[in-house]
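Following: one structure in structure tokens, then a few remarks.
The values are calculated or read from the model by the stated rules, or taken from the named source; none is laboratory data. Here the structure is a predicted model, which is why all the values come from computation and not from measurement. Note that we place each Cβ from the backbone using ideal geometry, even for glycine, and neighbour counts take in every protein chain shown. Side chains included, ligands, DNA and RNA excluded: accessible areas come from the protein's heavy atoms. Shrake-Rupley method; radii C 1.70, N 1.55, O 1.52, S 1.80 Å.
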Amino acid sequence: MTKRVAILISGGGSNMVALAEAMTGDFPARPCLVLSNRPDAGGLTKAADLGIPTAVVDHRDHKGDRPGFEAALQVALLAAQPDIICLAGFMRILTPDFTDLWAGRMLNIHPSLLPKYKGLDTHQRALDAGDAEHGCTVHEVTGELDGGPVLGQARVTIEPGDTAATLAAKVLPCEHQLYPQVLRRFASGDRTPVFLP
Ligand code: GRF
């Protein structure tokens with residue numbers, strides 16, 4: 001059965017585009033919604049250009065009311081009836097009350113080799129640690145921030161002279177390769193992790 005996928009974004013949505021463009025032919029999923037917490041997210045226009053329904057749940061309408069924001073998120077998601085949720089550059093922290101509603105059905109991509117460098121500024125932290133390699137991880141979303149079971153990783157080498165910006169530029173294309181491969185397996189019920197290269 002072809003799974004319905006909602007993709008949550010906050011910015012440019014390059015990972016959303018990679019996922020949407022992969023979901024064709026025999027791919028066992030199709031995008032049913034692109035939702036952003038920011039009305040000005042560039043990815044919303046890209047989604048509309050791809051013919052994908054879009055929605056906005058502006059977190060600024062729920063200042064200091066995380067449960068209210070998550071309730072509005074849930075209403076918008078249920079209207080689209082997704083089987084799977086992909087967080088793709090979604091920059092709001094979700095509470096366990098919300099993640100529990102989608103346990104086993106929500107994925108995220110994070111720009112580090114988890115469990116290293118949960119949270120923000122991952123590229124600079126890898127540089128500061130003197131790591132020889134870096135990369136990105138797709139994981140199931142649980143109540144623990146960036147802590148769920150790993151479903152895939154892609155590695156890049158850190159070279160002399162690399163900066164946070166050059167590392168980010170190396171990692172992002174790897175995300176675009178990794179996420180669709182993980183989603184293809186996940187949508188077909190296969191949780192065997194993907195490791196690139
Ligand atoms: C990416 O670095 C991703 O790892 C992080 O958000 C950044 C922007 O992603 N989660 P996108 O271009 O909006 O997909």
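Quick notes on this one:
- Within segment 164-188, being more than 14 Å from the ligand (Cβ to nearest atom) and open to solvent by less than 60 Å² (accessible area, probe 1.4 Å) holds for Phe186, Ala187.
- Yes/no for Ala29 being within 16 Å of the ligand (Cβ to nearest atom) and surrounded by 22 or more Cβ atoms within 10 Å (Cβ to Cβ): no
- Flag for His134 being on the phi < 0 side of the Ramachandran plot and touching an Asp or Glu at 6+ places or on another chain (Cβ under 7 Å): no
So that you can scan it fast, the table gives a plain yes or no per residue for (1) in contact (Cβ under 8 Å) with a residue 40 or more places away in the chain; (2) in contact with a strand residue (DSSP E or B) (Cβ under 8 Å, 6 or more places away or on another chain); (3) in the same structural domain as Val34 (by TED's automatic domain parsing):
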site	(1), (2), (3)
Gln81	yes, yes, yes
Cys86	yes, yes, yes
Gly89	yes, yes, yes
Thr95	yes, no, yes
Lys116	no, no, no
Gln124	yes, no, no
Gly130	no, no, no
Cys136	yes, yes, no
His139	no, yes, no
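- Of the residues making up segment 81-99, those that are buried (at least 19 other Cβ atoms within 10 Å of the Cβ) and of a type outside the set (A, V, I, L, M) are Pro82, Cys86, Gly89, Phe90, Phe98, Thr99.
- Elements of type strands (runs of 3 or more DSSP E) contained in segment 105-197, each with 1 or more residues being acidic (Asp, Glu): 133-140
- Segment 1-16, subset touching a Ser or Thr at 6+ places or on another chain (Cβ under 9 Å) and within 6 Å of the ligand (Cβ to nearest atom), residue nearest to Ile84 (Cα to Cα): Ile9
- Restricting attention to segment 145-169 and to residues that are among the acidic types (Asp, Glu) and more than 20 Å from Gly89 (Cβ to Cβ), the residue that is nearest to the chain's Cα centre (by Cα) turns out to be Asp162.
- As a summary of the residue check, Ala79 satisfies the conditions (1) in a helix (DSSP H, G or I); (2) under 19 Å from Leu172 (Cα atoms); (3) of a type in the set (A, V, I, L, M) except for the one numbered (2).
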